[in-house]
Amino acid sequence: MTDQPLKYRRVLLKLSGEALMGNGDYGIDPKVISALAAEIIEAQKAGAQIGLVLGGGNIFRGAGLAEGGMDRVTGDHMGMLATVINALAMADALEKQGTYARVMSAIKINEVCEDYIRRRAIRHLEKGRIALFAAGTGNPFFTTDSAAALRAIEIGAELLLKATKVDGIYDSDPKKNPGAKRFDELDYDDVINRNLQVMDTTAFALCRDNRIPLRVYDMMQPGALIRILRGEPLGTLVHAR
């Protein structure tokens, strides 16, 4: 039903950098980013205000670089720049399909995008623009999952969405364990106590303490985003008690 009202009007969508690779080993697959942009625009046209946080793992991951011997702070700064690259690519894909997008960075990089300012970000959303929040929190040692939770809180999002290649949260890796159990619903304390590492603990704690629900879903399922915004229970819902 195309005229079905939205349950959630303002949301923050977290996309991993790896999601942009498609079947590749590195970088950005233009077909994948174009398909994701189409899903986001469909939701926006239905009346949703959408903020985006993208990871940078398809280019650089700070923790991985640190494991290879690089200084962790340097590695994390490189990872932040990778998220700016991804945000610029996604903004381009969105604008090519007819919407307005603004990239806002937590670190100063004014030649290519705006500084992140909370009030300006909210204004972009109210004006019907997609706001893409790049460079994580601007601090090393914090993941883009934590940045997504933080930005969701700051913009007053009604729902935080984590788009993955798996259709929810399982008690073990479903790729390795065919008998893995998928959860329809969890509370944040369960997730933290069970150490279900779909997002890092800091991100879960931020959502729990600020009572923002999180839904983890399969981004490869066509139409999933708009269906969730209309209230369909796809994936796994995590919320506070």
What is the distance, in nm, between label points placed 7 Å from the Cα along the Cα-to-Cβ direction at Ile192 and at Arg72? 2.0
I'd like the Kirkwood hydrodynamic radius of the chain, using the inverse of the mean 1/r over distinct C-alpha pairs, in Å. 17.9
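Report the charge-dipole magnitude of the chain in Debye, nearest 20, computed about the Cα centre from +1 at each Lys and Arg Cβ and -1 at each Asp and Glu Cβ.
620
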Put +1 on the Cβ of every Lys and Arg and -1 on every Asp and Glu Cβ in the chain; which of Leu186, Asn110, Gly68 then has its Cα farthest towards the positive end of the dipole? Asn110
Work out, step by step, the length gained on full extension between Lys175 and Ser34: first 0.36 nm times the residue separation, then minus their alpha carbon distance; give nm to one decimal. 48.1 nm
So what J values fall out for the range 104-115 if you push phi through Karplus, 6.51 cos²θ - 1.76 cosθ + 1.60 with θ = phi - 60°, rounded to Hz, Gly and Pro as x? 10, 9, 6, 10, 6, 8, 5, 5, 10, 7, 7, 6
Might you work out the accessible area of Met220 for me, using a 1.4 Å probe with all protein chains in place, and round it to the nearest 10 Å²? 110
In deg cm²/dmol and to the nearest 500, what is the mean residue ellipticity at 222 nm of the chain if only DSSP H runs of at least 4 residues count, each as -39500 (n - 2.57), divided by the residue total? -11500 deg cm²/dmol
Pull up all non-local amide H partners of Leu52: gap of 5 or more, or a different chain, and H-to-H distance under 5 Å with H placed in the peptide plane. Leu13, Ala131, Leu132, Phe133
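With every protein chain kept in the model, how would you rank His239, His124, His77 by accessible area, 1.4 Å probe, largest at the top?
Output order, biggest surface exposure first: His77, His239, His124.
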Please name which of Gln49, Pro5, Leu15 has its Cα lying farthest along the dipole of the range 1-96 towards the positive end, using unit charges on Cβ (Lys, Arg +1; Asp, Glu -1) and the Cα centre as origin. Pro5
What FRET efficiency do you get for Arg182 and Lys96 if R0 is 45 Å and r is their Cβ-Cβ distance, rounded to the nearest 0.05? 0.80
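Based on the Kirkwood radius over alpha-carbon pairs, what value in µm²/s does the Stokes-Einstein equation return for the translational diffusion coefficient of the range 8-134 at 25 °C and 0.890 mPa s?
Diffusion coefficient, whole number: 165 µm²/s.
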Hey, any idea what % of the chain's accessible area is carbon plus sulfur with a 1.4 Å probe? 49
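For the range 27-88, compute Rg over Rh where Rg is the Cα radius of gyration and Rh is the Kirkwood radius from the inverse mean 1/r over Cα pairs.
1.13
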Placing each pseudo-label 7 Å from Cα in the direction of the beta carbon, Asp209 and Asp25 end up separated by a distance in nanometres of 4.1
Equivalent ellipsoid semi-axes for the range 127-177, as square roots of 5 times the alpha carbon gyration tensor eigenvalues: give them largest first, rounded to whole Å. 26, 16, 10
Once you've got the GNM for the chain with C-alpha springs shorter than 10 Å, pick whichever of Gly138, Gly68, Gly56 has the biggest mean-square fluctuation. Gly68
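Skip the ligands, DNA and RNA, and give the accessible area per residue of the chain with a 1.4 Å probe, whole Å².
Working: 11510 Å² over 241 residues.
Result: 48 Å² per residue.
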Decide, for the range 100-194, between rounded, prolate and oblate: order the square roots of the alpha carbon gyration tensor eigenvalues as a ≥ b ≥ c, take rounded if a/c falls under 1.5, and otherwise choose prolate if a/b is larger than b/c, else oblate. prolate
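Ordering Phe60, Phe133 by accessible area with a probe of 1.4 Å, largest first, what comes out?
Listed by decreasing accessible area, they come as Phe60, Phe133.
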Quick check: Cα centre of the range 175-241 to Cα centre of the range 107-137, how many Å? 26
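The values are calculated or read from the model by the stated rules, or taken from the named source; none is laboratory data. Quantities reported herein were computed from a predicted structural model and do not represent experimental measurements. So basically every Cβ, Gly included, is an ideal-geometry build from the backbone, and we count neighbours across all protein chains shown. Surface accessibility is based on the protein's heavy atoms, side chains included, excluding ligands, DNA and RNA. Shrake-Rupley method; radii C 1.70, N 1.55, O 1.52, S 1.80 Å.
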